[in-house]
Amino acid sequence: MTRILILGANGQVARHTTAFFLQRTDAHLTLFLRRASRLKNPDPARASVVEGDVTYREALRAAMQGQDVVFASLTGDMAKQARTIVDAMHAAGLKRLIFISSMGIYSEVPGEKYASVLDPYRDSAAVIEASDLDYTILRPGWFTHGAEIDYQLTQKGESFRGHDVSLNSLSDLIVKLALSPTLEVRRSLGVSRA
């Protein structure tokens with residue numbers, strides 16, 4: 001059974017992906033968020049809710065004990081959070097990280113200019129890419145709520161294709177990555193509708 005630590009567990013992507021893990025796998029989940037009272041445990045037999053701040057290394061390291069995969073979907077001071085995640089993963093002896101970023105951080109979206117609103121995403125991706133972790137950075141397009149699972153991937157250095165991706169598609173990809181420890185390792189992937 002794979003054990004997955006989900007950082008930012010009350011966010012839209014994390015909540016959606018939590019449901020996918022519970023419906024489609026036998027994984028055990030640790031749901032880590034700043035205010036645990038904001039999140040009802042979706043399956044007490046397979047999930048635990050842990051209150052903590054991603055910028056507090058010791059709390060994060062403690063939550064990482066016994067985990068196989070870290071999945072992070074965060075906002076705020078993302079570079080600081082990324083540095084703490086890398087440090088805590090080293091301290092816990094963990095290697096596999098799936099990290100949500102944003103399309104556009106490499107100026108890879110045709111017709112779009114890089115905007116400073118992307119700085120936190122770009123800066124955190126740079127921290128992750130400089131690490132020795134088995135990371136996969138995901139750079140999704142705008143989220144849609146359709147039922148389809150239909151997506152394409154682009155590598156860092158390639159032009160991003162499209163602008164939208166369903167939450168179902170993104171969650172499907174995250175589950176595949178979490179359960180396949182060598183899939184797309186040390187890659188930064190654009191994710192959009194096929």
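List of remarks:
- Peptides 21-32, 71-82 ordered by average Cβ neighbours within 10 Å, highest first: 71-82, 21-32
- Ratio Rg/Rh, restricted to the chain and using Cα atoms, in which Rh is the Kirkwood radius: 0.94
- Tilt relative to the chain, helix 12-24 - C-alpha long axis, 0 to 90 degrees, to 10: 70
- Highest-first arrangement of 125-131, 83-89, where packing means the average Cβ count within 10 Å: 83-89, 125-131
- Percent of beta bridges antiparallel (DSSP, the chain, rounded to nearest 5): 15
- Region 23-68 gives an Rg/Rh value of 0.98, both radii derived from C-alpha positions and Rh following Kirkwood.
- Within the straight-line cut-off of under 14 Å between alpha carbons, the aspartates and glutamates reachable from residue 40 are 51, sequence neighbours fewer than 8 places apart in one chain being disregarded.
- Among residues other than residue 20 with Cβ under 12 Å from its Cβ, the summed charge is +2 (Lys and Arg +1, Asp and Glu -1).
- Listed by chain and number, the lysines placed with their C-alpha closer than 20 angstrom to that of residue 95 are 80, 176; residues fewer than eight positions away on the same chain are left out.
- Scaling the Cα radius of gyration of region 17-98 by the globular reference 2.2 N^0.38 Å produces a ratio of 1.07.
Taken together, the values in this text are just the output of simple stated rules run on the coordinates, not laboratory data. Keep in mind the model is a prediction, meaning the values are calculated, not measured. FYI the Cβ positions are ideal-geometry reconstructions off the backbone, even for glycines, and counts take in every protein chain you see.
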